[in-house]
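**Student:** Submitted below is the structure of interest, expressed as structure tokens.
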Amino acid sequence: MSGRVGGAAATVAGLAVIFALSYLDAAWDSQNIMATIVMAPFVTAMRASARQTAAVALFAVVAGVLSGGYNANYGTSDYFVRLVVVIAGAAFAVAAAHSRRRLAADQARFELLRGAAQIADRRDAAVPEVVDRVGELLVPAFADVCVIDVLRGGKVERLGVVASGPRREQIEHGLRARSPGTEAEVLPAVPLLAERVDESHLRANARDDADIEFLRSLGERSHIRVPLRSRGRAIGILSLLATTRSYRPEDLQFAQLLGGRVGLALDNAGLFAELESLQARLTTALDTLAEAVTIQDERGRLVYANDAAAQTFGFESAEAFLATPPQEIADRFASFHEDGTPLALEDLPGRAVLRDEHPPPLLVRAVDRRTGEERWRMVKATAVPSRAGGPRLAVNVIDDVTDVKRAELAQRFLAEATAVLASSLDYEQTLAKVAELAVPRLADWCSVSLPRGDRLRAVALAHSDPEKVALARGYQERYPSPAAEQVLRENAPRLVNDIDEEAIAAAIDDPERREQIRSLGLRSVMLVPMVSGPRAIGVITLVSAESGRRFGQADLESAQELGRRAGTAVENARLYEERSHIAATLQRSLLPDELPQIPGLELASLYRPAGEQNLVGGDFYDAFETPTGWMLLVGDVTGRGAEAAALTGQARHTLRTAGMLLGDPDAALRQLNQALAQRAELTPCTVALVHVAPDARSAAVRCAGHPQPLLVRDGEARPVGHFGPMLGAWRDSAWRAEEVALRAGDALVLYTDGVTDTVGHDGRFGDERLLRSLHGVSGASEAVAAIDRALTAFQRGPQADDTAVLALSVT
Amino acid sequence: MDPAPEFSVTRRRVGATVVVAPAGEIDLATVDAVKREIEGAGEHVVLDLREVTFIDSAGLRLVLECSRAVPDFAVVPGPREVRRVFDLVGLGERVPMLDAPPDG
């Protein structure tokens, strides 16, 4: 401090002036120049402090008082006047010295501020350079030690330490190594002044015993801590230590100003440029991301949204989106969970994250209330924890998965529809299921119409609101749709969106009908043909009402595919019904309409066709009169279906015709054998044939590869007849008859292997069970009933093969 | 056929002869499996039915077909029930029946 040297010199000079003038005054008798002593304090005041000036002034006054001795004017008015002049001058000089020093101090501070401002203005300076220059500026002019700490990336960083004095390096090293503290300790950055640092102060600040030693070694006398501020925020702390002086409140105020300048200088030097450029890069990255990204603060308000997010939610710009309150944004959409339940704002993952939860991604279906457009969004949220630990921000990533979801839903819907369509061949019932399946996934209301007579009639209708089913049905009944007729005629779909008041008024004249449309809340309609082969066989109508949903191209495609699948199913069902009808008719043709009445004989039969109705079986039986008695037969053609049915018909009618014409069982068998053997394909057939004499007293039993008939006599059954070759296998086959004398009460039971091959819990039904089932029976009807009962009790699962039984008994 | 008890067909070659040996029940549900094995077996085939527990008309028809299509075809009829069915339809007299497959 050069001022001190100057002050001392000025003091010495002042005192020298006093002595010199006093000497002159004493030596110069004729003149009294005592008053000139007053110059001394002024001389001092020019350079020295007020205190030094006051000392010199005191000497000057003392010299003035003493001057009365050598000037010999004590007590005179002249003496007093001169003394007053000296005292007044001295006082004035002291005041002048005081003002001068204050001015000089202000000047110095001004210079410091100016220096700091100059540093701040140097925009090309790097941070270390700024720190060095701030140090140079402040040390030792304003402080003996200057420490700069900044907040960067959530941490406190010791940016610079500048000390002065002989222990400079030691102090700088020690302070650099010392932890700058945490952000919580540094912020809030309250300006702090310790005018006089004492032991207790050191203890309060020391981190440990070694630290307190270090703090003591600094010789700190006074200190100031002020925030470094830039652009309205605290970016760090400026700490100033004085070892020889005490800071005063005005120094604190000044330091605060300084803090602002230094903070700005550091900011300008790009302290945060790196961070901010990273932030800027991140923001740019987010802005250009295809995924919608939003960031919410603790209160759920949006603080950031990229353009994709704004677009997703139907806003022109991110700014407009951010300016809209969350509830208002939510209100723009009817939002639903995947299962269709309404979605509340609180269900969103972002809100859950702010509640400290860890929500899984949420799939949301949102229908824009204004446009009716439906979107699927996958919403994921992650928390950005605050420095205190709890969530501060929620980052939401919103993926528009509409296309994927629609494709998936369409696939699933069509798969389910196909399964449902395949589950039953009762097509009206099936179509009802399809309509139910389409609601509410594809539409709020779905009806399936088929041509009935000269117009289309709804055969199935489903509505998401059960109370509206009747209303919708009534409407369709009452107002046949020309559009649907056209779709059927042209085999081309039709899609009408945005049905509003105006459109209704333009299209419909009937006010009552208009009213009905309004009450049904029609918004969009899709009409697709049900297609089978090249033609449309019906129309599926899909209506959007309550949901406000607008149909898109994807919806139309799904609906058309549904139309194709439903069309095929309906056609199949029709064919199946037709085929079942044909099969039943054919089956009936293979069996006699009714068994003939034969005097002295009772006949009974049982026919159990296998499982499916539309497969004509290969079993047959017949009973007819011949010129030589009665012929009863049971036969079996291998296989099922149309081919077997044709053969069965041929077999039965060949036997019947030959038998009736020739009256010879062997001839009849030969005839059929030849006919079958002539066929290109191997078509074996087995037959058991009983020829009963006209008097019913005897019967000839023949087996052509067929199980032997059973003779039930006195309640016991036994097989009768010789084994013979099956028909159609060999041309040279011949059969041997077993003649059986019949008694009253005897029964003959002819059956096919469907009886013995029947599967039960305990293997096949078999011969033994068959014989046992006939134990104790008498009469044809009883025998047939007994077999039927036994089979029903035994059988497990569906019947695999046809079963035929024909019994006769002698009355 | 329900229940379809376990059914299998094995095929082995003994010299020039292929022995096809089904095991289980031969009926409409399983007959095609046997048929496939025989069709590719060549001109000397023995159908070994010793492990067969049941044969229905579809099986008989197969035997009949094979007796026509395969120049050297023989059957090892196996269990009594199966043998009885062959007799029933007259196959026993028409198709060569063996007590056991060659070398087996």
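**Student:** Mind checking the mean number of beta-carbon atoms from other chains within 10 Å of the Cβ atoms in A:677-688?
**Tutor:** Mean partner-chain Cβ count within 10 Å for A:677-688: 2.
**Student:** Which residues does a label at A:ARG478 reach in segment A:509-532, if reach means a backbone N under 12 Å from a point 7 Å past the Cα toward the Cβ?
**Tutor:** Hits in segment A:509-532 for A:ARG478 at 12 Å: A:510-520.
**Student:** Round to the nearest 10 and give me the degree value, 0 to 90, for the angle of helix A:168-177's Cα axis relative to the longest principal axis of chain A.
**Tutor:** 20 degrees
**Student:** Let me ask you something else. Under 18 Å from a label point 7 Å along Cα→Cβ of A:LEU58: give me every residue in segment A:91-108 with its amide N that close.
**Tutor:** A:91-98
**Student:** FRET efficiency for A:SER580 and A:ARG796, Cβ-Cβ distance as r, R0 = 22 Å, nearest 0.05?
**Tutor:** Plugging the Cβ-Cβ distance into 1/(1 + (r/R0)^6) gives 0.30.
**Student:** If you count, for each residue, the other Cβ atoms within 10 Å and average over each peptide, how do A:802-808, B:74-80, A:49-55 line up from highest to lowest?
**Tutor:** Averaged packing, sorted descending, gives the order A:802-808, A:49-55, B:74-80.
**Student:** What percentages make up the Cα-Cα pair-distance distribution of chain A when the bins are 20 Å wide from 0?
**Tutor:** With a bin width of 20 Å, the distribution comes to 11, 19, 16, 16, 13, 9, 8, 4, 3, 1, 0.
**Student:** Please work out how much length the chain gains when fully extended from A:ARG588 to A:TYR23, using 0.36 nm per residue of separation minus the C-alpha to C-alpha distance, in nm with one decimal.
**Tutor:** Full-extension gain reported as 186.9 nm.
**Student:** Here is a further query. Would you please give the FRET efficiency between A:SER317 and A:THR182, computed as 1/(1 + (r/R0)^6) with r the Cβ-Cβ distance and R0 = 35 Å, to the nearest 0.05?
**Tutor:** 0.30
**Student:** Also, quick follow-up: Among residues other than A:PHE624 whose Cβ falls under 15 Å from its Cβ, what is the net charge (Lys/Arg +1, Asp/Glu -1)?
**Tutor:** With Lys, Arg at +1 and Asp, Glu at -1, the neighbours total -3.
**Student:** Also, quick follow-up: From a point 7 Å beyond the Cα of A:GLN674 in the direction of its Cβ, which residues of segment A:633-662 have a backbone N at a distance under 18 Å?
**Tutor:** Counting only backbone N, you get A:650-662.
**Student:** Here's another thing I want to ask about it. Using helices alone, what [θ] at 222 nm do you get for the protein assembly as shown, with -39,500 (n - 2.57) per DSSP H run of 4 or more residues, divided over all residues and rounded to the nearest 500?
**Tutor:** -14000 deg cm²/dmol
**Student:** Another question, if that's okay. In nm, give the distance between the simple-model label positions of A:ARG231 and A:GLN327, each being 7 Å from the Cα along the Cα-to-Cβ direction.
**Tutor:** Result for the modelled spin labels: 3.5 nm.
**Student:** Looking only at other chains, what is the average number of their beta-carbon atoms within 10 angstrom of each beta-carbon in A:631-638?
**Tutor:** That works out to 2 on average.
**Student:** Report the net charge of residues surrounding A:SER217, where surrounding means a beta-carbon distance below 14 angstrom and charges are Lys +1, Arg +1, Asp -1, Glu -1.
**Tutor:** -3
**Student:** Determine Rg/Rh for segment B:1-57; Rg is computed over alpha-carbon atoms and Rh is the Kirkwood hydrodynamic estimate from the same atoms.
**Tutor:** Answer for segment B:1-57: 0.98.
**Student:** Then there is this: Please sort A:763-769, A:59-65 by packing, taking for each peptide the average over its residues of neighbouring beta carbons within 10 angstrom, highest first.
**Tutor:** Peptide ranking by packing, descending: A:59-65, A:763-769.
**Student:** Sort A:24-35, A:690-701, A:436-447 for me by packing, meaning the mean count of neighbouring Cβ atoms within 10 Å per residue, highest on top.
**Tutor:** For the peptides A:24-35, A:690-701, A:436-447, the packing ranking is A:436-447, A:690-701, A:24-35.
**Student:** Put a dot 7 Å past each Cα toward the Cβ at A:THR288 and A:ALA503; how far apart are the dots in nm?
**Tutor:** In this crude label model, A:ALA503 to A:THR288 measures out at 4.1 nm.
**Student:** Pull up all non-local amide H partners of A:ARG229: gap of 5 or more, or a different chain, and H-to-H distance under 5 Å with H placed in the peptide plane.
**Tutor:** Residues meeting the amide H criterion: A:ILE235, A:GLY260, A:GLY263, A:LEU264.
**Student:** Could you state the orientation-averaged shadow area of the convex hull built on the Cα atoms of segment A:466-554, in nm² to one decimal?
**Tutor:** Numbers: hull surface 25.7 nm².
Hull-based average projected area comes out at 6.4 nm².
**Student:** Here is a follow-up. I'd like the FRET efficiency for A:LEU471 and A:LEU103, computed as 1/(1 + (r/R0)^6) with the beta carbon distance as r and R0 of 60 Å, rounded to 0.05.
**Tutor:** Values: r = 97 Å, r/R0 = 1.61.
For R0 = 60 Å, the calculated efficiency reads 0.05.
**Student:** Just to confirm a number: summing +1 for Lys and Arg and -1 for Asp and Glu over residues other than B:GLU37 whose beta-carbon lies under 13 angstrom from that of B:GLU37, what do you get?
**Tutor:** Local net charge: +2.
**Student:** Sticking with this structure for a sec: Pull up the cross-link candidates among the lysines for A:LYS380, meaning alpha carbon to alpha carbon under 18 Å and not fewer than 8 places away within one chain.
**Tutor:** Those lysines meeting the cut-off are A:LYS405.
**Student:** Could I ask something else about it? Taking the simple approach of a point 7 Å from Cα along Cα-to-Cβ for both B:THR10 and B:ALA33, what is their distance in nm?
**Tutor:** Once both label points are built, they end up 1.4 nm from each other.
**Student:** With θ set to phi - 60°, apply the Karplus curve 6.51 cos²θ - 1.76 cosθ + 1.60 along segment A:782-790 and write out the HN-Hα couplings as whole Hz, x wherever there is a Gly or Pro.
**Tutor:** For segment A:782-790, the Karplus curve yields 5, 4, 4, 5, 5, 5, 4, 4, 5 Hz.
**Student:** Can you tell me the Rg and Dmax of segment B:41-94, counting just the alpha carbons, in angstroms?
**Tutor:** 10.5, 28
**Student:** What average number of partner chain Cβ atoms lie no more than 10 Å from the Cβ of the residues making up A:724-730?
**Tutor:** 6
**Student:** Relative to the longest principal axis of the C-alpha atoms of chain A, give the angle of the C-alpha long axis of helix A:50-70, reported between 0 and 90° and rounded to the nearest 10°.
**Tutor:** Roughly 10 degrees between the two axes.
**Student:** Expressed as an acute angle from 0 to 90° and rounded to the nearest 10, what is the orientation of the C-alpha long axis of helix A:77-121 relative to the principal long axis of chain A?
**Tutor:** Computed tilt is about 30 degrees.
**Student:** If I model segment B:9-104 as equal point scatterers sitting on the Cα atoms and use the Debye formula, what is log10 I(q)/I(0) at q = 0.11, 0.12, 0.13, 0.24 Å⁻¹?
**Tutor:** Log10 of I(q)/I(0), two decimals: -0.25, -0.30, -0.35, -1.39.
Rule-based calculations on the coordinates, nothing more; no lab input. Everything quoted here is computed from the prediction, not taken from an experiment. Virtual Cβ from ideal backbone geometry, glycine too; neighbours counted across all protein chains shown.
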